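The values are calculated or read from the model by the stated rules, or taken from the named source; none is laboratory data. Since the structure is predicted, the reported quantities are computational estimates derived from the model, not experimental observations. Here Cβ is always computed from backbone atoms with ideal geometry, including for glycine, and neighbour counts include all displayed protein chains. Heavy atoms of the whole protein, side chains included, go into the accessibility calculation; ligands, DNA and RNA do not. Shrake-Rupley method; radii C 1.70, N 1.55, O 1.52, S 1.80 Å.
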Amino acid sequence: MKQKQLRVAIMSSAGGTGKSTVAVNTAYQLARMGKATALVDCDPNGSLALFTGLEDPPTEKTLAHVLSPSNFKGDWPLFSIWEDKISGVSACLGGLPLYEAVKRIDQEPRGVYLLSDALEDYPLKQDVLIFDCPGTIERYHELALAACTHVLIVLHPNTKAINAGFKLIDWVYQYRSKLRLQPPPQILGIVPNAYQKDAAMHRNHMGEGVADESETLPSILQGLPDPLKLFEPIRETRLLGNAADYGLPLGIYRPGEGINRVFESIAQEIASNLSGED
Amino acid sequence: MVREKRKISALAAGAVGSQTHTLLQEKDAEIEALKTQLAGGANSHGGGDGWVEIPINAIKPLSIRSGNQSVQQPRKYFDPVALQELAESIKEDGLKEPIVVRDTPEGYEMMDGARRHEAHKIAGSSKIKAYIRLNISDEEALAYALTTDALKEKISPLEQAISVVDLLRLKLHLNEAEVKSLLFAMQNDAIGKTNADDRDETYPQKAQIAHGVLNSIGVTLGTMVNNRLKFLDLAPKIRKALEVGTISPTNALLINKVDSRVHDRLLKEGSRLSKKDLQALITTLTKENSAKEVELENAFAQNPVSIYEQSIMRMQELSQSPLVQEDARARRMFLDIYEKLNKLGKYVESKRR
């Protein structure tokens, strides 16, 4: 029987919401559960190299190589990360070469399916793949959507970001229908990041001590025609940035920190989808 | 100008729209795939494509209850002759196309093949070939049942009307009256008589979905509105007669047009008549009625007193007849006259003031 693989595209429709943070920390928690995970950086900004403590690689050692059907023959440029602390996590990096590679989406006959095709022709053996997408909806989102089984949306709990988040949800459904994806990718959930308990707007949107529940994110997401899961918020903290500066997940940088539980719950949700069906 | 803080629920409108649209489209694609899969299976023999034999009496009708909407499997009435023929052919050659059921905690429920199931009972078989589908939601099961029913050639216009309206009720969460007005509004649009009152902001999306349903069943909007919907407005007795197949669809519509007092006679005497003969019968019956009325009017105009006197005499006679007291029907008719007299009294009184 074919091994099931979960491919989670982490998206947001604003920069700096914490996609890479969620990506590396979820990958670490998955590895702790014994699920081999590969991070795939789909972002020309290349934040993943920073967050995993790797140096910017040459073009042929990035995702750009994978997206070049004439050159790519299954030699995935995967780098093992945090090897001294944990096994089972690797990364395929992005960065500047992706600026050029994106042009091939328009030139190749199956442009939007370049990543999906690469994974079909040369499958990766990991249990989970995590695609770290750019900060605003663009071609790499199409590429990731066409290749993923699930989408995870990260946003800050303020009105502007929530507005952008709903635009992204709108886009996901439009494009899974336009691209006729079968089976259609599911939205795994929404992760509120940088939650500030002392900000009234954040509390109101998250429904903390609010009388009218109808105007809160939890109840709106529950009331959608296709209800969406809302993960526990990740509170605003400098620790995550500090950990990233060392190229480490919070679980290694500060194992005792409570926020790790949120990433654990995301990893658990992924793991339960992994074992849910064959 | 008073400004209000932006409601975040309003920001979700676009996402709600595309979720709805995409989910419906994917549901259609699933049903389409299921149909193709089953059509492929119908051509091959043996259990290779996944059918199994299940006991005849283990199959229940599809039952669906969701919220305050309840939609039943389309009512099925089978032509007894055709059913007998099918039973004979099953006895001789077996069943060619397995039926489709869904597996539920309560047992197997029929999705497609009620007629074949019925014919097996007549043929005295204890088992039937069936495809068993797992994890089929109520909505998928009903949409499948309705769509395949509607695609069957022998479906009556009434059944087709019911299927389309039920399918739209399910997909759009509307009641029967709302579905009808939606279809009428769409038809008005199509013939260039757009009426702004017919539309709200959800109209374009609903109309698009309705067009999709009509297409999938292969019936045009014009046919649906002009020739099918009126079957839903048949008087209950006529609808019943059409459902059990004692009258033809054309005759049902013809009878529905005339005075309801002659419905019973027409259903009895006109059931097997051609359209032309039925038309003639209707003319005779309505003429009979109107001829009697004209005769009476003339007699009254010539000598009203004679009619009054005759009425009083009749009432006196009847009031002494034991039958009026003993026979329920006679008593009812007598009391009807009494009620009508009272009505007449009140009318005259009101005019006098």
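Structure notes:
- Percent accessible area from carbon and sulfur atoms, the protein assembly as shown, protein chains only, probe 1.4 Å: 50 percent
- Taking chain A and dividing mean pair separation by its residue count, relative contact order in percent (alpha carbons under 8 Å, at least six apart): 27 percent
- Per residue accessible area of the protein assembly as shown, 1.4 Å probe, in Å²: 54 Å²
- Probe 1.4 Å, all protein chains present, accessible-area order of A:D226, B:D112, largest first: A:D226, B:D112
- Under Karplus coefficients 6.51, -1.76 and 1.60, residue-wise ³J(HN,Hα) of segment B:17-27 in Hz, glycine/proline x: x, 6, 4, 4, 4, 5, 5, 5, 4, 5, 4
- When Rg and the Kirkwood Rh are both derived from Cα coordinates, the Rg/Rh ratio for segment B:106-200 amounts to 1.12.
- Measuring nothing but how far apart in sequence close Cα pairs (under 8 Å, 6+ apart) lie, relative to its length, chain B scores a relative contact order of 12 percent.
- Cross-link pairs beyond the 23 Å C-alpha cut-off, checked among B:K193/B:K257; A:K160/B:K27; A:K167/A:K229: B:K193/B:K257; A:K160/B:K27
- Quarter of the Cα convex hull surface for segment A:60-206, i.e. its orientation-mean projected area (nm²): 10.8 nm²
- Taking every DSSP bridge with both residues inside the protein assembly as shown, close to 30 percent are antiparallel.
- Take every DSSP beta bridge whose two residues both sit in segment B:93-185; close to 55 percent of them are antiparallel.
- Rounded, prolate or oblate (a/c below 1.5 giving rounded, otherwise prolate when a/b exceeds b/c) for segment B:215-353 by Cα gyration tensor: prolate
- Note on exposure: A:T149, B:T250, A:T26 ranked by accessible area (1.4 Å probe, complete protein assembly) read B:T250, A:T149, A:T26, with the most exposed listed first.
- A Förster radius of 22 Å combined with the Cβ-Cβ distance from B:D79 to B:D233 puts the calculated FRET efficiency at roughly 0.35.
- Positive-end residue, the protein assembly as shown charge dipole about Cα centroid, Cβ charges, pick of B:A145, A:Y246, B:L174: B:L174
- P(r), alpha carbons of segment A:50-146 - 10 Å bins starting at zero, rounded %: 15, 49, 31, 5, 0
- Residue separation of A:D121 and A:Q107 scaled by 0.36 nm, minus their Cα-Cα distance, works out to 3.1 nm of gained length.
- Heavy-atom accessible surface that A and B bury in contact, both chains counted, 1.4 Å, Å² to 100: 1600 Å²
- By definition, a body whose alpha carbon gyration tensor gives a ≥ b ≥ c is oblate when a/c is 1.5 or more and a/b is not larger than b/c, and segment A:164-278 fits this oblate description.
- In the frame of its principal axes, segment B:107-263 has Cα extents of 58, 47, 22 Å, reported largest first.
- Förster-model FRET efficiency, 41 Å R0, B:S181 and B:E326, C-beta, rounded to 0.05: 0.20
- Estimated inter-spin distance, B:L341 and B:N298, nm [label 7 Å along Cα→Cβ]: 2.9 nm
- In this structure A:H150 has an accessible area near 20 Å², from a 1.4 Å probe over the protein heavy atoms.
- A probe of 1.4 angstrom, applied to the heavy atoms of all protein chains, finds B:K60 with accessible area near 90 square angstrom.
- Evaluated at q = 0.09, 0.10, 0.11 Å⁻¹, the base-10 log of the normalised Debye intensity for the protein assembly as shown, with identical point scatterers placed on the Cα atoms, takes the values -0.93, -1.05, -1.16.
- Segment A:68-113, relative contact order in percent, only Cα pairs under 8 angstrom and at least six apart counted: 28 percent
- Using the alpha carbons alone, the radius of gyration of chain B stands to its Kirkwood radius in an Rg to Rh ratio of 1.12.
- Most simply put, chain A has about 5% antiparallel DSSP beta bridges, counting only bridges with both residues inside it.
- Difference of contour (0.36 nm per residue) and Cα-Cα distance, A:E138 to A:E55: 27.3 nm
- For the protein assembly as shown, the Cβ-based charge dipole about the Cα centre amounts to some 1820 debye (Lys, Arg positive; Asp, Glu negative; other atoms uncharged).
- Farthest toward the positive end of the dipole of chain B, out of B:I59, B:L285, B:A207, is the Cα of B:L285, where the dipole comes from beta carbon charges about the Cα centre.
- The phi-based Karplus calculation (6.51 cos²θ - 1.76 cosθ + 1.60; θ = phi - 60°) puts the 3J(HN,Hα) values of segment B:98-104 at x, 7, 10, 10, 10, 8, 10 Hz, whole numbers, x for Gly and Pro.
- A:K85 accessible area, assembled protein chains, probe 1.4 Å, Å²: 130 Å²
- Applying the Karplus relation 6.51 cos²θ - 1.76 cosθ + 1.60 with θ = phi - 60° to segment A:89-104 yields 3J(HN,Hα) values of 10, 9, 9, 10, 8, x, x, 3, x, 5, 4, 6, 4, 4, 5, 5 Hz, where x marks Gly and Pro.
- Given R0 = 51 Å, the distance between the Cβ atoms of B:T223 and B:K127 translates into a calculated FRET efficiency of 0.80.
- Length gained on full extension, A:L96 to A:V210: 36.6 nm, using 0.36 nm per residue less the C-alpha separation.
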